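Peer 1: Have a look at this one before I ask anything.
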Amino acid sequence: MAGIEIVQGDITTQAVDAIVNAANSSLMGGGGVDGAIHRAAGPTLREECRHLRATDYPEGLPVGDAVATGAGDLPCRYVIHTVGPNRHEGQIDPRLLASCYTRALDVAQQLGVRTIAFPAVSAGAYGWKVADVARIALGTVAAHPRDGIDLVRFVPYDPTSCVAFEAAFAGLA
Ligand code: ADP
(Lines give C-alpha, C1' and ligand atoms only; values in the text may rest on other atoms or scores of the structure.)
Protein backbone atom coordinates (compact mmCIF):
# COMPACT_ATOMS: atom_id res chain seq x y z
CA MET A 1 0.00 0.00 0.00
CA ALA A 2 1.56 3.28 -1.12
CA GLY A 3 2.74 5.63 1.57
CA ILE A 4 2.49 3.18 4.47
CA GLU A 5 5.46 1.43 6.07
CA ILE A 6 6.36 -0.50 9.19
CA VAL A 7 9.64 0.16 11.00
CA GLN A 8 10.32 -1.56 14.31
CA GLY A 9 11.92 0.73 16.88
CA ASP A 10 11.60 3.67 19.21
CA ILE A 11 9.11 6.29 18.05
CA THR A 12 11.01 9.09 19.80
CA THR A 13 13.89 8.82 17.32
CA GLN A 14 11.82 8.93 14.13
CA ALA A 15 12.72 11.70 11.68
CA VAL A 16 9.18 12.56 10.62
CA ASP A 17 7.06 15.72 10.83
CA ALA A 18 4.83 14.35 13.61
CA ILE A 19 4.74 11.44 15.99
CA VAL A 20 1.58 10.22 17.68
CA ASN A 21 1.51 9.70 21.43
CA ALA A 22 -0.64 7.04 23.10
CA ALA A 23 -1.48 9.48 25.88
CA ASN A 24 -3.99 9.23 28.66
CA SER A 25 -6.94 11.52 29.09
CA SER A 26 -5.20 13.68 31.70
CA LEU A 27 -2.48 14.68 29.19
CA MET A 28 -0.12 14.77 32.17
CA GLY A 29 2.14 11.97 30.98
CA GLY A 30 2.31 8.35 32.02
CA GLY A 31 4.28 5.18 31.37
CA GLY A 32 5.03 3.29 28.16
CA VAL A 33 5.37 5.29 24.99
CA ASP A 34 3.87 8.38 26.69
CA GLY A 35 6.66 8.37 29.27
CA ALA A 36 9.31 7.83 26.61
CA ILE A 37 7.99 10.76 24.54
CA HIS A 38 7.85 13.10 27.54
CA ARG A 39 11.36 12.12 28.66
CA ALA A 40 12.82 12.69 25.21
CA ALA A 41 10.89 15.92 24.56
CA GLY A 42 11.78 17.58 27.85
CA PRO A 43 9.84 20.04 30.01
CA THR A 44 8.35 22.24 27.28
CA LEU A 45 6.10 19.38 26.17
CA ARG A 46 4.79 18.93 29.71
CA GLU A 47 4.14 22.66 29.91
CA GLU A 48 2.20 22.65 26.64
CA CYS A 49 0.16 19.65 27.78
CA ARG A 50 -0.57 21.33 31.11
CA HIS A 51 -1.73 24.44 29.27
CA LEU A 52 -4.01 22.45 26.95
CA ARG A 53 -5.51 20.66 29.93
CA ALA A 54 -6.14 23.96 31.71
CA THR A 55 -7.70 25.63 28.68
CA ASP A 56 -9.29 23.43 26.00
CA TYR A 57 -9.61 20.15 27.93
CA PRO A 58 -10.49 20.77 31.58
CA GLU A 59 -12.27 17.38 31.63
CA GLY A 60 -9.37 15.69 29.85
CA LEU A 61 -8.95 14.66 26.21
CA PRO A 62 -11.79 12.26 25.32
CA VAL A 63 -11.05 8.67 24.30
CA GLY A 64 -10.69 8.49 20.51
CA ASP A 65 -9.86 12.19 20.11
CA ALA A 66 -6.51 13.79 19.18
CA VAL A 67 -4.76 17.11 19.76
CA ALA A 68 -1.35 18.44 18.71
CA THR A 69 1.44 20.17 20.59
CA GLY A 70 4.99 21.13 19.70
CA ALA A 71 7.67 18.51 20.15
CA GLY A 72 10.22 20.07 22.53
CA ASP A 73 13.63 18.42 22.04
CA LEU A 74 12.31 15.62 19.78
CA PRO A 75 13.51 15.51 16.17
CA CYS A 76 9.92 15.93 14.87
CA ARG A 77 7.87 19.16 14.74
CA TYR A 78 4.68 18.02 16.42
CA VAL A 79 3.41 15.45 18.87
CA ILE A 80 -0.20 14.45 18.22
CA HIS A 81 -1.68 13.10 21.43
CA THR A 82 -4.50 10.61 21.25
CA VAL A 83 -6.25 8.61 23.97
CA GLY A 84 -6.82 4.96 23.18
CA PRO A 85 -9.64 2.89 24.67
CA ASN A 86 -8.73 1.08 27.89
CA ARG A 87 -9.93 -2.53 27.84
CA HIS A 88 -9.47 -2.71 31.60
CA GLU A 89 -12.22 -0.08 31.88
CA GLY A 90 -14.54 -1.93 29.49
CA GLN A 91 -13.67 0.19 26.45
CA ILE A 92 -13.83 -2.63 23.91
CA ASP A 93 -15.48 -0.90 20.93
CA PRO A 94 -13.01 -1.06 18.00
CA ARG A 95 -14.49 2.18 16.64
CA LEU A 96 -12.89 4.02 19.57
CA LEU A 97 -9.48 2.73 18.56
CA ALA A 98 -10.09 3.44 14.86
CA SER A 99 -11.07 6.99 15.85
CA CYS A 100 -7.61 7.54 17.40
CA TYR A 101 -5.98 6.88 14.05
CA THR A 102 -8.57 8.84 12.05
CA ARG A 103 -8.50 11.89 14.32
CA ALA A 104 -4.69 11.90 14.46
CA LEU A 105 -4.54 11.92 10.66
CA ASP A 106 -7.18 14.71 10.53
CA VAL A 107 -5.11 16.83 12.94
CA ALA A 108 -1.95 16.06 10.95
CA GLN A 109 -3.61 17.24 7.75
CA GLN A 110 -4.75 20.47 9.42
CA LEU A 111 -1.12 21.13 10.40
CA GLY A 112 0.27 20.38 6.93
CA VAL A 113 2.16 17.33 8.22
CA ARG A 114 3.54 15.20 5.37
CA THR A 115 5.15 12.39 7.35
CA ILE A 116 3.76 10.84 10.53
CA ALA A 117 4.65 7.92 12.80
CA PHE A 118 2.20 5.94 14.94
CA PRO A 119 2.76 3.59 17.87
CA ALA A 120 0.48 0.64 18.66
CA VAL A 121 -2.12 2.68 20.55
CA SER A 122 -3.77 0.75 23.42
CA ALA A 123 -1.55 -2.32 22.93
CA GLY A 124 0.31 -1.82 26.23
CA ALA A 125 -1.18 -0.76 29.56
CA TYR A 126 -4.62 -0.39 27.97
CA GLY A 127 -4.76 -4.13 27.31
CA TRP A 128 -5.64 -4.59 23.64
CA LYS A 129 -4.09 -7.51 21.76
CA VAL A 130 -1.47 -6.14 19.41
CA ALA A 131 -2.87 -8.21 16.52
CA ASP A 132 -6.23 -6.43 16.93
CA VAL A 133 -4.56 -3.04 17.21
CA ALA A 134 -2.49 -3.72 14.10
CA ARG A 135 -5.52 -4.80 12.06
CA ILE A 136 -7.62 -1.81 13.14
CA ALA A 137 -4.73 0.63 12.72
CA LEU A 138 -3.76 -0.53 9.23
CA GLY A 139 -7.37 -0.79 8.06
CA THR A 140 -8.22 2.67 9.34
CA VAL A 141 -5.18 4.38 7.88
CA ALA A 142 -5.58 2.60 4.54
CA ALA A 143 -9.20 3.80 4.32
CA HIS A 144 -8.39 7.42 5.24
CA PRO A 145 -8.03 9.81 2.23
CA ARG A 146 -4.64 11.04 3.63
CA ASP A 147 -4.49 13.97 1.16
CA GLY A 148 -1.19 15.78 1.58
CA ILE A 149 0.32 13.03 3.72
CA ASP A 150 3.17 11.27 1.93
CA LEU A 151 4.13 8.73 4.57
CA VAL A 152 2.47 6.95 7.47
CA ARG A 153 5.02 4.90 9.42
CA PHE A 154 3.92 2.39 12.03
CA VAL A 155 6.57 1.92 14.71
CA PRO A 156 6.01 -1.31 16.66
CA TYR A 157 8.41 -1.40 19.58
CA ASP A 158 9.22 -5.10 19.90
CA PRO A 159 9.60 -8.01 17.45
CA THR A 160 6.26 -9.62 18.38
CA SER A 161 4.40 -6.37 17.69
CA CYS A 162 6.32 -5.99 14.46
CA VAL A 163 5.17 -9.43 13.27
CA ALA A 164 1.57 -8.45 14.06
CA PHE A 165 1.86 -5.23 12.05
CA GLU A 166 3.54 -7.00 9.12
CA ALA A 167 0.72 -9.56 9.08
CA ALA A 168 -1.95 -6.85 9.15
CA PHE A 169 -0.12 -5.01 6.38
CA ALA A 170 -0.03 -8.17 4.25
CA GLY A 171 -3.77 -8.53 4.89
CA LEU A 172 -4.45 -5.18 3.19
CA ALA A 173 -3.18 -6.28 -0.20
P1 ADP B 1 -1.48 2.28 26.01
O2 ADP B 1 -1.71 2.83 27.40
O3 ADP B 1 -2.23 3.06 24.94
O4 ADP B 1 -1.69 0.80 25.93
P5 ADP B 1 1.44 1.96 26.14
O6 ADP B 1 2.47 3.04 26.04
O7 ADP B 1 1.32 1.23 27.42
O8 ADP B 1 0.04 2.65 25.69
O9 ADP B 1 1.70 0.88 25.00
C10 ADP B 1 1.42 1.13 23.63
C11 ADP B 1 2.46 0.46 22.77
O12 ADP B 1 3.62 1.30 22.71
C13 ADP B 1 2.95 -0.89 23.30
O14 ADP B 1 2.96 -1.81 22.21
C15 ADP B 1 4.38 -0.59 23.77
O16 ADP B 1 5.24 -1.71 23.61
C17 ADP B 1 4.77 0.50 22.80
N18 ADP B 1 5.91 1.35 23.18
C19 ADP B 1 6.45 1.59 24.42
N20 ADP B 1 7.50 2.43 24.31
C21 ADP B 1 7.64 2.75 22.97
C22 ADP B 1 8.53 3.56 22.22
N23 ADP B 1 9.51 4.26 22.79
N24 ADP B 1 8.33 3.63 20.86
C25 ADP B 1 7.34 2.94 20.25
N26 ADP B 1 6.45 2.17 20.91
C27 ADP B 1 6.61 2.06 22.26
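The values are calculated or read from the model by the stated rules, or taken from the named source; none is laboratory data. Predicted, not measured: the structure shown is a model, and the values here were computed from it. Cβ sites come from the backbone with ideal geometry, for glycine too, and all protein chains shown count toward neighbours.
Peer 1: Which residue is nearest to residue 12 (Cα to Cα), if the candidates are limited to region 151-173 and must be within 14 Å of the ligand (Cβ to nearest atom) and in contact with a strand residue (DSSP E or B) (Cβ under 8 Å, 6 or more places away or on another chain)?
Peer 2: Per the criteria, the residue is 155.
Peer 1: With respect to residue 73, is the statement that it is acidic (Asp, Glu), in contact (Cβ under 8 Å) with a residue 24 or more places away in the chain and more than 12 Å from the ligand (Cβ to nearest atom) true?
Peer 2: yes
Peer 1: Determine whether residue 148 is away from the ligand (no atom under 16 Å from the Cβ), over 17 Å from residue 96 (Cβ atoms) and at pLDDT below 95.
Peer 2: No, not satisfied.
Peer 1: Could you say which residue among 141, 113 is under 16 Å from the mean Cα position of the chain (by Cα), away from the ligand (no atom under 11 Å from the Cβ), touching a residue at least 24 places away in the same chain (Cβ under 8 Å) and assigned to a loop (DSSP other than H, G, I, E, B)?
Peer 2: 113
Peer 1: Collect the residues in region 116-136 that are assigned to a helix (DSSP H, G or I) and within 11 Å of the ligand (Cβ to nearest atom), keeping them in residue-number order.
Peer 2: 130, 133, 134
Peer 1: Turning to a different aspect of this structure: If you take the residues in region 1-25 that are among the polar types (S, T, N, Q) and out of contact with any Lys or Arg (no Cβ under 7 Å at 6 or more places or on another chain), which one is farthest from the ligand (Cβ to nearest atom)?
Peer 2: Checking each candidate, the answer is 25.
Peer 1: Okay, next question. Tally up the residues in region 97-110 that are in contact with a Gly (Cβ under 9 Å, 6 or more places away or on another chain), more than 13 Å from the ligand (Cβ to nearest atom) and within 18 Å of residue 69 (Cβ to Cβ), please.
Peer 2: The number of residues fulfilling the criteria is 3.
Peer 1: Here's a follow-up. Would you say residue 93 is within 11 Å of the ligand (Cβ to nearest atom) and either out of contact with any His (no Cβ under 7 Å at 6 or more places or on another chain) or at pLDDT 95 or above (or both)?
Peer 2: Taking the combined requirement at face value, the residue does not satisfy it.
Peer 1: Within region 44-69, how many residues are surrounded by 21 or more Cβ atoms within 10 Å (Cβ to Cβ) and over 26 Å from residue 115 (Cα atoms)?
Peer 2: The qualifying residues number 0.
Peer 1: Would you mind stating whether residue 72 is surrounded by fewer than 21 Cβ atoms within 10 Å (Cβ to Cβ), at positive phi and modelled with pLDDT of 95 or more?
Peer 2: yes
Peer 1: Sticking with this one: Name the residues in region 26-43 that are more than 8 Å from the ligand (Cβ to nearest atom) and surrounded by fewer than 17 Cβ atoms within 10 Å (Cβ to Cβ), would you?
Peer 2: 26, 28, 39, 42, 43, listed by residue number.
Peer 1: State all residues of region 144-165 that are farther than 12 Å from residue 4 by Cβ, surrounded by fewer than 19 Cβ atoms within 10 Å (Cβ to Cβ) and touching a residue at least 60 places away in the same chain (Cβ under 8 Å); if no residue qualifies, say none.
Peer 2: Correct list: 158, 159.
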